[in-house]
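Visitor: I have a structure here, written as structure tokens, and I will follow up with some questions on it.
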Amino acid sequence: MLTVTQNAVAEIRNITDQAEAPEGIGLRISSDPEGGSLTLSLAAVPGPGDAVLEADGARLFLDGPANELLADKTLDAAVDPSGSVQFAVAEQA
């Protein structure tokens, strides 16, 4: 199962805790089979078949292929000097 660092939890909560955000909003990680990559987006609700991961108030929705791909990984986040959030995936320790 994907693990989430405290940095990633904090950044996901910063993104989803906006006053205008709907209740239960989460960060969705989905696969792009044509591009061979993963995409991040905000989602009010999980998509059909999404796995839902909750960590300290941060909600993640993972589509089936992303969930399989990230099963043994860790999601981390950092803020770069310009203030942009950068998410990274690494092997679990």
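Visitor: What is the chain's relative contact order, in percent, from Cα pairs under 8 angstrom and six or more apart in sequence?
Guide: 33 percent.
Visitor: When the Karplus curve 6.51 cos²θ - 1.76 cosθ + 1.60 is applied with θ = phi - 60°, which whole-Hz ³J(HN,Hα) does each residue of segment 32-42 get, with x for Gly and Pro?
Guide: Taking θ as phi minus 60°, the curve returns 10, x, 6, x, x, 9, 10, 10, 10, 8, 8 Hz for segment 32-42.
Visitor: Right, here's the next one. Please compute the net charge surrounding GLU11, taking Lys and Arg as +1 and Asp and Glu as -1 over other residues with Cβ under 14 Å from its Cβ.
Guide: Around GLU11, the surrounding residues sum to -2.
Visitor: Right, here's the next one. Just grab the label-to-label distance for ASN7 and GLU91, each label 7 Å out from Cα along the Cβ direction, in nm (one decimal).
Guide: Here the answer is 1.9 nm between the modelled labels.
Visitor: When Lys and Arg each count +1 and Asp and Glu each count -1, what net charge do the other residues less than 14 Å away from GLY57, Cβ to Cβ, add up to?
Guide: -3
Visitor: How far, in nm, would the chain grow between LEU42 and GLU68 when pulled straight, counting 0.36 nm per residue and subtracting the alpha carbon separation? Please report the intermediate quantities before stating the final value.
Guide: Numbers: separation 26, 0.36 × 26 = 9.36 nm, distance 2.01 nm.
Stretched fully, the LEU42-GLU68 segment lengthens by 7.4 nm.
Visitor: With bins 10 Å wide starting at 0, give me the P(r) of the chain over every alpha carbon pair, in whole percents.
Guide: Final binned percentages: 17, 51, 29, 3.
FYI, it's all coordinate maths here, none of it is from the lab. Remember, it's a predicted structure, so these values are computed and weren't measured experimentally. Cβ: placed from backbone, ideal geometry, glycine included. Neighbour counts: every protein chain shown.
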